[in-house]
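Before any comments, here is the structure.
The values are calculated or read from the model by the stated rules, or taken from the named source; none is laboratory data. These figures come from a predicted structure and were not determined experimentally. Because the Cβ atoms are built from the backbone with ideal geometry, glycine has one as well, and the counts that use them run over all protein chains shown. Note: areas computed on protein heavy atoms with side chains; ligands, DNA, RNA excluded. Shrake-Rupley method; radii C 1.70, N 1.55, O 1.52, S 1.80 Å.
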Amino acid sequence: MINFEEELSKFRPSLEVDQTEKAIMNDKMTDLTDILQEILEEKNAQPSGQRQ
């Protein structure tokens, strides 16, 4: 039978996983909020006569 405590004590995280996690956390990903903010900024930057 498998001794889970023993198996867990042997566990070592892969370096690749750690490196991937750091890369993802440091990446600036654009989400819907960012896109909506850009659209609003563009609309506000237009002269008042050109707004739609």
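Scan the stretch 14-31 and tell me whether some residue there is part of a helix (DSSP H, G or I), at pLDDT 90 or above, hydrophobic (A, V, I, L, M, F, W, C) and open to solvent by 90 Å² or more (accessible area, probe 1.4 Å).
Our first condition is that a residue be part of a helix (DSSP H, G or I); within the stretch 14-31, this holds for 15-26.
If we keep only those that are at pLDDT 90 or above as well, we get none.
Within the stretch 14-31, not a single residue is part of a helix (DSSP H, G or I), at pLDDT 90 or above, hydrophobic (A, V, I, L, M, F, W, C) and open to solvent by 90 Å² or more (accessible area, probe 1.4 Å).
Take residue 34 and tell me if it is surrounded by 10 or more Cβ atoms within 10 Å (Cβ to Cβ) and at pLDDT 85 or above. Spell out how you get there, then give the answer.
On the way: surrounded by 10 or more Cβ atoms within 10 Å (Cβ to Cβ): yes; at pLDDT 85 or above: yes.
Considered against the rule, which asks whether it is surrounded by 10 or more Cβ atoms within 10 Å (Cβ to Cβ) and at pLDDT 85 or above, residue 34 comes out as yes.
Filter the stretch 38-52 for residues that are open to solvent by 100 Å² or more (accessible area, probe 1.4 Å) and polar (S, T, N, Q); which is nearest to the chain's Cα centre (by Cα)?
44
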